[in-house]
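Structure, as structure tokens:
The values are calculated or read from the model by the stated rules, or taken from the named source; none is laboratory data. Because the structure is a prediction, the values reported are computed rather than measured. Note that each Cβ is placed from the backbone with ideal geometry, even for glycine, and that neighbours are counted across all protein chains shown. The area values use the complete protein model at the heavy-atom level, side chains included, leaving out ligands, DNA and RNA. Shrake-Rupley method; radii C 1.70, N 1.55, O 1.52, S 1.80 Å.
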Amino acid sequence: MIKVDSELLDFISHAAKNTHPNEFAAFLREDKGVISEVVFSPFSIFGKNSSTISHFSLPIDTSIIGTVHSHPSDNGLPSDRDLNFFSHYGKVHIIVRYPYERWNFFFYSREGDFLEYEVL
Ligand SMILES: [Zn+2]
């Protein structure tokens with residue numbers, strides 16, 4: 001089961017609200033088996049209703065285990081582009097949809113399957 005720090009979820013929630021109506025995107029870092037940090041890539045492109053994480057900007061850091069991005073809509077499902085990106089990188093991908101509350105977080109595997117998670 002994926003473990004995630006509750007303060008991190010609060011942080012992501014705030015970041016997504018502050019970035020709305022644009023998308024927020026960052027990398028996830030794991031510490032001692034718990035997802036506990038986000039890492040911003042200086043090369044991330046934030047735009048209206050779309051964010052792009054360049055493959056060239058992927059951090060070379062083995063503690064990075066996946067990504068998080070927001071959907072400024074009530075759709076928490078990964079898009080085709082999301083699925084394509086998930087399949088190339090990391091093992092845990094979070095999508096948080098509007099209005100970015102606790103129950104709006106969705107965790108996906110590389111294959112785009114739902115992952116159960118535990119908040120610590
Ligand atoms: Zn998306």
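Kindly sort Glu118, Glu111, Glu23 by accessible area of their heavy atoms, largest first, with the probe set to 1.4 Å. Can you show the working numbers first?
Details: Glu118 75, Glu111 130, Glu23 15 Å².
Result of the area sort, largest leading: Glu111, Glu118, Glu23.
Applied to the stretch 64-69, the Karplus parametrisation 6.51 cos²θ - 1.76 cosθ + 1.60 on θ = phi - 60° returns per-residue 3J(HN,Hα) values of 7, 10, x, 9, 9, 8 Hz, with x for Gly and Pro. Taking amide H as placed 1.01 Å from N in the peptide plane, the amide H of His71 sits under 5 Å from that of Val96, Arg97, Tyr98, each at least 5 places away or on another chain. Taking other residues whose beta carbon is less than 14 angstrom from the beta carbon of Tyr100, and scoring Lys, Arg as +1 and Asp, Glu as -1, yields -1. Using a probe of 1.4 Å, the accessible surface attributed to Tyr98 totals some 110 Å² when neighbouring protein chains are kept in position. For Lys91, the residues whose amide H sits under 5 Å from its own are Gly66, ignoring neighbours fewer than 5 places away on the same chain, with H placed 1.01 Å from N.
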